[in-house]
Amino acid sequence: MLDLIAPLADYGFMRRALIAGLALSLAAPPLGVFLMLRGMSLIGDAMAHAILPGVALGFLMAGFSLPAMSLGGILSGLVVAGLAGGVSQMTGHREDSAMASFYLISLAAGVMLVSLGGSSVDLTHVLFGSILAVDTTALLLIAAVSTATLLLLAVMFRALVMECLDPLFLRGQGVRPGLIQGVFLGLVVINLTAGFQTLGTLMAVGLMMLPATAARFWSKRLEGLMGLAIVIAMLSSTGGLLLSYHLDLPSGPSIILLAGIAYLLSALFGRYNSLLVRLRRRAAPLDTSRNGAASA
Amino acid sequence: MSHLRLDNLSLAQGARTVLEGLSGSFPDGAITALIGANGAGKSTLIQGIMDILPPLAGRIDCDVPKERRAWLPQQLALDLSFPMSVEELVMTGSWPTRGALKGYRPSQYRQARDVMQRLGITQLSHRPLGELSGGQRQRALLGRTLMQEAELLLLDEPFANVDSDTVNILIQVLRDMADQGSTIVVVLHDLEHLARLADCVLLLAGGHGQWTTPQEVLERHGVTGLTSQAPFVPLNLSDSSPCST
């Protein structure tokens with residue numbers, strides 16, 4: 001057992017990777033829970049693609065400079081979110097179609113930019129990340145993003161809950177739900193940007209959504225959902241890192257696949273609405289009739 | 001002077017003018033029924049009063065601050081899959097005093113328990129919203145409104161798809177609220193509820209409004225006198241001629 005976790009103590013790069021993973025696991029899953037509850041699970045995926053051209057531009061202009069790439073990612077994510085919202089409001093079309101259009105444009109533009117200015121190795125790094133190459137700058141950025149996210153979530157928690165539950169009530173109270181949604185999407189973007197260095201732009205959203213969707217099978221309480229999602233994300237991050245080290249696997253996919261296994265197991269055996277619960281529920285009327293027969 | 005006044009008000013939904021030249025005052029501490037055929041502009045007027053729909057012309061003068069206005073919309077915006085219990089929903093009515101940041105006070109939890117007892121939903125306090133019936137949900141929503149201590153209450157078809165026990169409780173609670181000074185505007189669709197609840201009527205038809213009394217409406221439908229035993233007949237006002245105000 002000790003041998004299994006020894007690399008975390010023995011190697012600095014593993015410790016930095018672990019801390020980065022745990023920090024991301026603290027902040028991203030609560031955002032995933034809110035995305036899921038708002039029926040916006042796929043918006044996280046779209047935003048993950050939307051940050052790509054900014055990251056690519058940062059890379060082209062400053063090389064592998066994390067601040068430049070992160071700033072580019074944040075800007076392009078916010079621009080796409082703003083454009084999608086703006087086009088939707090102007091045309092009256094649903095926001096998801098505008099978002100889908102813009103993220104596809106972003107993805108193509110991002111891949112094109114990286115291909116023009118870099119190599120396939122660079123492209124792979126941007127798309128899939130490298131958690132084992134987390135340096136102090138990246139760690140500080142991730143820690144700062146996680147801290148800011150948790151603080152902002154705490155401050156806007158009640159407003160966010162109300163905006164999910166009953167936006168008309170908030171409007172009636174003179175609060176603009178668009179403002180809350182804007183700040184929330186901003187948090188999603190900065191978390192995805194923090195995650196791209198370690199997990200890659202395409203997989204950063206995995207640590208946000210998979211723990212949240214898995215937790216849905218275990219709790220009907222908001223606090224429970226968020227707590228469980230964080231625990232699942234932390235276990236996936238730690239387990240994925242160790243798996244990656246011992247079996248010589250890529251770290252990002254290992255972490256996300258572990259979170260995926262947690263989701264599949266939850267869907268099969270979870271406490272609420274899982275396959276197992278549904279199978280048992282089907283048997284319930286038989287028990288009732290048996291009780292009725294016995295009492296008669 | 002009344003807390004809620006309409007002055008030559010016109011409201012539109014998109015490019016379609018729904019209400020035109022509407023004037024008058026809603027009496028304070030009384031229940032005004034909004035009646036009219038589908039599409040007559042009842043919900044549009046309520047959206048206008050809530051400042052969600054800006055007037056096309058004229059104005060709405062409302063002295064009640066926004067946080068003291070409560071609205072139960074017809075199209076429920078409530079996300080019933082959201083993981084929240086009845087008690088938590090009722091507690092959200094503390095928003096006007098606690099806002100987004102301040103914690104709830106013990107006195108507000110006590111108030112929420114009192115409200116739930118009054119509405120007969122104490123036993124449901126920990127039940128998730130998604131497991132409530134239509135009537136239970138309406139009671140919980142009215143509980144939130146009671147927590148708001150609303151001075152102006154706007155209800156859009158509150159008795160639709162609701163059982164008779166719930167109707168009786170809601171009518172009693174609304175009557176008590178009006179007696180304590182709240183101004184209540186309620187969209188109604190049947191004579192029994194009109195007879196039992198309303199003090200005043202604003203009849204909407206053809207884009208215009210006519211202020212009248214429940215007695216007049218009941219007489220027009222062949223019911224003499226106000227009685228709690230008024231027949232349960234849906235109002236059909238599609239043949240009403242436009243009224244000048």
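General remarks:
- Bins of 10 Å, starting at 0 and running to the largest distance - Cα pair percent for the stretch B:49-142: 14, 39, 32, 12, 2
- For chain B: relative contact order, % (alpha-carbon pairs under 8 angstrom, 6 or more apart): 26
- Loss of accessible area when B meets A, both sides summed, Å² nearest 100, probe 1.4 Å: 2300
- Over chain A, Cα pairs under 8 Å with separation of 6+ residues give a relative contact order of 25 percent.
- Derived scalar couplings between HN and Hα for the stretch B:77-93 equal 8, 5, 7, 6, 8, 5, x, 8, 8, 4, 4, 5, 5, 4, 5, 5, x Hz in order, rounded to whole Hz, by the Karplus curve 6.51 cos²θ - 1.76 cosθ + 1.60 (θ = phi - 60°), x for Gly and Pro.
- Taking amide hydrogens as placed 1.01 Å from N in the peptide plane, the amide H of B:SER23 sits under 5 Å from those of B:ASN8, B:LEU9, each at least 5 positions away in sequence or on another chain.
- Rounded to the nearest 10 degrees, the inclination of helix B:106-118 to the longest alpha-carbon principal axis of chain B is 60 degrees.
- Interface residues, the stretch B:54-73 - accessible area loss of 10 Å² or more versus chain alone, probe 1.4 Å: B:LYS66, B:GLU67, B:TRP71, B:PRO73
- Spacing of the two label points (7 Å from each Cα toward its C-beta) at B:ASP176 and A:LEU179, in nm: 3.5
- Oblate is the label for chain A. Its Cα gyration tensor axes, ordered a ≥ b ≥ c, give a/c of at least 1.5 and b/c at or above a/b.
- Spatially proximal lysines relative to B:LYS42 (Cα-Cα < 26 Å; intrachain offsets below 8 disregarded): B:LYS66
- The loop-placed trypsin sites (Lys or Arg not before Pro) in the stretch A:1-102, going by DSSP, that have at most 13 neighbouring Cβ atoms within 10 Å of their Cβ come out as A:ARG94.
- Taking the empirical scaling 2.2 N^0.38 Å for compact globular proteins as reference, the stretch B:1-95 has a Cα radius of gyration ratio of 1.24.
- Alpha carbon centroid spacing (whole Å) that separates the stretch A:230-264 from the stretch B:155-172: 52
- Rounded to 0.05, the FRET efficiency of the A:LEU104 and A:HIS246 pair, given R0 = 35 Å and the Cβ-Cβ distance, is 0.40.
- Rounded to whole Hz, the Karplus (6.51, -1.76, 1.60) HN-Hα couplings of the stretch B:171-187, x for glycine and proline: 4, 4, 5, 5, 4, 4, 4, 5, 4, 8, x, 6, 8, 10, 10, 9, 7
- Between 0 and 90 degrees, the angle of helix A:222-247 with respect to the longest Cα principal axis of chain A falls at about 60 degrees.
- Fraction of accessible area attributable to carbon and sulfur, the stretch B:41-98 (%, probe 1.4 Å): 45
- Length gained when the stretch A:MET90-A:THR137 is fully extended (0.36 nm per residue, less Cα-Cα span): 12.9 nm
- One Cα centroid belongs to the stretch B:1-24, the other to the stretch A:165-215; the line between them spans 39 Å.
- Annotation: amide H-H contacts under 5 Å for B:TRP71 (H modelled 1.01 Å from N, sequence separation of 5 or more, or interchain): B:LEU154.
- Whole-number accessible area per residue in Å² for the stretch B:54-191, which is evaluated in the context of all protein chains at 1.4 Å: 42
- In this rough spin-label picture, where each label sits 7 Å from Cα along the Cβ direction, the B:ASP190-B:LEU101 distance is 4.8 nm.
- B:ALA160 paired with B:ASP51, simple spin-label distance in nm, labels 7 Å along Cα-to-beta-carbon: 2.6
- Anisotropy class assigned to the stretch A:16-73 is oblate, per the alpha carbon gyration tensor with a/c at or over the 1.5 cut-off and a/b no larger than b/c.
- Accessible surface of chain A, 1.4 Å probe, proportion on carbon and sulfur as whole %: 70
- Calculated FRET efficiency, B:SER23 to A:ARG280, Cβ-Cβ distance, R0 = 51 Å: about 0.25 to the nearest 0.05.
- Solvent-accessible surface (1.4 angstrom probe) belonging to A:SER219, in square angstrom, nearest 10: 10
The values are calculated or read from the model by the stated rules, or taken from the named source; none is laboratory data. Keep in mind that this is a model prediction, so the values were computed, not measured. Neighbour counts run over all protein chains shown; Cβ positions are idealised from the backbone, glycine included. Each accessible area value is taken on the protein alone, full model and side chains, heavy atoms only, with ligands, DNA and RNA left out. Shrake-Rupley method; radii C 1.70, N 1.55, O 1.52, S 1.80 Å.
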